[in-house]
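The values are calculated or read from the model by the stated rules, or taken from the named source; none is laboratory data. None of the values given here were measured: they were computed from a predicted structure. Every residue, glycine as well, gets a Cβ built from its backbone with ideal geometry; the counts of neighbours run over all protein chains shown. To get the accessible areas, we keep the full protein, side chains included, count just its heavy atoms, and leave off ligands, DNA and RNA. Shrake-Rupley method; radii C 1.70, N 1.55, O 1.52, S 1.80 Å.
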Amino acid sequence: MAYLLRGLIILMVLGISLTVALAHGWMTLSMSHIHIAIPAFIYTIFAQAFVMFYFIGVARLVKNVHMIIHSGQNLNELFDNAPNDLEPYKKKVDQWHRDAERSKRQTVPWTMLMLVLGMIAFLLGGAHDTNLVEKTIHSGVAYGFIAAMLIGFVRQWYYLGKAHILLRRLKAQFEIPDAQM
């Protein structure tokens, strides 16, 4: 899943880069940057929703395992034959819980900032097109969106790799099938 999500965010950056290149006149197509910005930003919303819910889902899965291990109840969800001593598992699960929460905290705010700035830039682009705001206002917010997108992209790329490894280790430890969350 992490590889799919990495592919989605690469396509997002390429779509926004194409929009910027058209807006600055670095390349020309039969369509203006406005016509490319609409599907590019809709795709950005789509990709960021997937990424955000992936991190939320990973954190929730690890939190559920953490709660089961620490409460000692419902151990049959993790083990066929539950061991009497859960201490070796507690240390690993505690670390995985911290890592999953860190991944979520380091990526979701950038996702939200990216979406908010993108929406504002999108709306200001329409306002500029109808001569309600100056071009510099639209451009400034668009540059802020691009900066947030690039920072968010780097963080998401890094933490997608971390979350992927975390899931592999968690699922191997408790023999959870790959297709199950």
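Using a 1.4 Å probe, how large is the accessible area of residue 19, given in Å² and rounded to the nearest 10?
20
Need one value: the accessible area of residue 151 in square angstrom, 1.4 angstrom probe, rounded to the nearest 10.
70
Could you tell me the accessible area of residue 52 in Å² (1.4 Å probe, neighbours in place), rounded to the nearest ten?
Using a 1.4 Å probe on the heavy atoms, I get roughly 30 Å².
With the other protein chains left in place, how much accessible area per residue, in square angstrom, belongs to the chain at a 1.4 angstrom probe?
Accessible area per residue: 58 Å².
Note down the magnitude of the dipole of the chain about its Cα centre, charges +1 on Lys and Arg C-beta and -1 on Asp and Glu C-beta and zero elsewhere, to the nearest 20 debye.
Its charge dipole is roughly 340 debye.
What chymotrypsin sites (Phe, Trp or Tyr not before Pro) does region 53-140 have in DSSP loop regions with at most 15 other beta carbons within 10 Å?
Counting only loop positions with at most 15 other Cβ atoms within 10 Å, the chymotrypsin sites (Phe, Trp or Tyr not before Pro) in region 53-140 are 79.
GluC sites (Glu not before Pro), restricted to region 99-181: which are DSSP loop and have at most 16 other Cβ atoms within 10 Å?
134, 175
In region 61-150, carbon and sulfur make up what percent of the accessible area (probe 1.4 Å)?
Carbon and sulfur atoms account for 57 percent of the accessible area of region 61-150.
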